Each structure stands twice: as C-alpha cells, then as structure tokens.
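The values are calculated or read from the model by the stated rules, or taken from the named source; none is laboratory data. Treat the numbers as computed from the prediction; the structure is a model and nothing was measured. A quick note on method: Cβ atoms are made from the backbone with ideal geometry, for glycine too, and the neighbour counts reach across all protein chains shown.
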Amino acid sequence: MEKSSFLNSSIGRKWIVAVTGILLIGFILIHLLGNLSIFLGPEIMNAYAARLHQLGILLWIARIGLLAVAGLHIFFTMALWRENHQASPQKYAVKQSLETTLYARSMRLSGLVVLGFVLFHLAQFTWKWVTPEYKEWIDSLGQHDVYRMLVAAFGNPWVTGFYLISVAFLAMHLSHGIGSLFQTFGLSNKKLRLRFQYAGLIAAWAFFLGYASIPAAVFLKLLPH
Ligand code: HEM
C-alpha cells in the first residue's frame, strides 16, 4: 500500500492512534516512576528533577517529540471519529451501533478531561502561572524545590480533588485504549478479546493507584512537610 493511501485508510489511522497511544503510555509510565520519588524524600526528588533539567537540549527534543505525538494522537482520533460519524448508521445492527457510540463517547469525554487536566497541570507546575512564587522555591542545595511545591499544592483539597478525578478519567481512557490496542494490530480474536480487556483494566487502574497515591499521601499528611 502507498504511504498516502495507508494514512488515508481507516486502518492506517487506527495504527497511528495506537502507536502514538503506546508512546504516550511510555511517557505516563516514566513520569509516574519519576514522581513516585516523592516517597524517597525531598533530596532525592529535587535531585531527580534537577537532573532532568540538566539534560538541556535533549529535554527540549523529548518535549517537542511528546507534543508532536500527542498532537498526532488527537488529530487522527478526530479524523477517525468524523469518519465513523459520517458512515451511514443503517449499515450496522442497532445493538452494535449503540455499543460503539457509548464507548466512543466515553473515550472522547475522558480524552478531553485528560487534555484539560494536562493544560492546567502545565500551567501549575511547569510554567508556574497558577502560583508564581513556586519559581523562587529553592532547597538547601540550590535546586528547585519540587517537593515543597507538590506538598503545598496538594495541601489544598480542591487541587487534590481535581487531580484524583482527573487521574480516574485517565484510567478510564487507558483502560479502553490499552484493551483495544491489540485489536488494532490484529492480535486479538474473540477468545483473547476479553483477556486483553481485563489486562487493560488492571494496567489502567494500577496507573490510577500510582498517580493518586501522590496527592492523597500529601493531603493525608503521610509525607514529611
Ligand atoms: C498526580 C500526579 C502527578 C504529579 C505529582 C505530577 C508532577 C509533575 C511535576 C512536578 C512537573 C514539573 C516537572 C519540572 O518541570 O520539574 C510535571 C510536568 C508534567 N507532567 Fe505531571 N504530574 C502528575 C501527573 C501527570 C499526568 C497524569 C500527566 C499526563 C497525563 C502529566 C503530564 C505532565 C507533562 C506533559 C509535564 C511537562 C513535562 C516537561 O515539562 O518536560 N503529569 N508533572
């Protein structure tokens, strides 16, 4: 198949959504592991963040790559959605059509919530627009005090509540996303489909527990302040 016709075909678009989805899951895993360093104390967490920033140009390449991957994921998801929406509904049995729209709708809603969350999250912790004082918080080693920033942010019940709800939506999105990956790559059949769906469910809610543990532990004052 020619390159352009692959991209224009429904299966080509599904592949791009799946491959970019895998790359985004890779980021979500690495970011989670990095953030869990909060449980090792301020020295280790701040040193980890400082190391990341010392990567300089490499960090910028990774950021631009991540932005491009997220952009492609959203663009091709929308293209697929438009395509499905334009397809004649008469072609499908009523039950199947209802099931697909229900799934598609929850994927769109959860995807939008995650996108909104990421924009707020960047404004809060990366650009520090929400609380500009965070920029000036430096630890005794002269590194940005990321630990103190997180402890301050998650001391607020609204921020903690917002994070917990957002990562629950992320888990919903990942659950269906991971479960459908195998189908896109043609690795699934009727018997395996249910197993992949369970695997997606377990992996997604493991991500939830990992991410939710951070604001929850701070809010419940389980970490030294
Ligand atoms: C609830 C737990 C989370 C915590 C504690 C957390 C913490 C942080 C912190 C501290 C930063 C700024 C790092 C720095 O510049 O030093 C950051 C950046 C970022 N986070 Fe999170 N994060 C969480 C969840 C998430 C989730 C669920 C996503 C994606 C779905 C995400 C996506 C990002 C992105 C894209 C950046 C920008 C990375 C960069 O500037 O290079 N975060 N996060």
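Tabulated values for the structure
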| read-out | value |
| --- | --- |
| Residue tally, condition surrounded by fewer than 19 Cβ atoms within 10 Å (Cβ to Cβ) and touching a residue at least 12 places away in the same chain (Cβ under 8 Å), over segment 177-189 | 3 |
| Among the candidates 41, 56, residue that is touching a Pro at 6+ places or on another chain (Cβ under 8 Å) and surrounded by fewer than 16 Cβ atoms within 10 Å (Cβ to Cβ) | 41 |
| Residue list for segment 28-45, filter: closer than 21 Å to residue 140 by Cβ and part of a helix (DSSP H, G or I) | 37, 38, 39, 40, 42, 43, 44, 45 |
| Matching entry among 199, 217, 204 (being in contact with a Leu (Cβ under 6 Å, 6 or more places away or on another chain), closer than 19 Å to residue 18 by Cβ and small (Gly, Ala, Ser)) | 204 |
| Matching helices (runs of 4 or more DSSP H) fully within segment 118-225 where at least 2 residues are more than 17 Å from residue 29 (Cα to Cα), at pLDDT 95 or above and of a type in the set (Val, Ile, Thr) | 146-153, 157-184 |
| Meets criteria (under 30 Å from residue 82 (Cα atoms), within 12 Å of the ligand (Cβ to nearest atom) and loosely packed, with under 13 Cβ neighbours inside 10 Å) for residue 174 | no |
| Qualifying residues in segment 199-222 (those that are in contact (Cβ under 8 Å) with a residue 12 or more places away in the chain and more than 13 Å from the ligand (Cβ to nearest atom)) - the one surrounded by the most Cβ atoms within 10 Å (Cβ to Cβ) | 200 |
| Residues satisfying the stated conditions in segment 110-167, i.e. within 15 Å of the chain's Cα centre (by Cα) and either near the ligand (Cβ under 8 Å from one of its atoms) or over 21 Å from residue 208 (Cα atoms) (or both) | 114, 117, 118, 121, 122, 163, 166, 167 |
| Checking residue 192 against (1) under 24 Å from residue 77 (Cα atoms); (2) free of Cβ contacts under 8 Å to residues at least 60 places away in the same chain, the condition it does not meet | (1) |
| Condition met for residue 73 (within 14 Å of the ligand (Cβ to nearest atom) and either closer than 19 Å to residue 182 by Cα or not in a helix (DSSP H, G or I) (or both)) | yes |
| Single residue of 16, 22, 30 found to be crowded, with 16+ Cβ neighbours inside 10 Å and of a type in the set (A, V, I, L, M) | 16 |
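Okay, residues lined up against (1) within 30 Å of residue 213 (Cα to Cα); (2) touching a residue at least 12 places away in the same chain (Cβ under 8 Å); (3) of a type outside the set (S, T, N, Q):
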site	(1), (2), (3)
27	yes, yes, yes
32	yes, yes, yes
38	yes, yes, yes
41	yes, yes, yes
47	yes, yes, yes
58	yes, no, yes
65	yes, no, yes
68	yes, no, yes
86	no, no, no
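Quick grid of which residues meet (1) surrounded by 14 or more Cβ atoms within 10 Å (Cβ to Cβ); (2) modelled with pLDDT under 95; (3) not charged (D, E, K, R):
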| position | (1), (2), (3) |
| --- | --- |
| 95 | no, yes, no |
| 98 | no, yes, yes |
| 105 | no, yes, no |
| 114 | yes, no, yes |
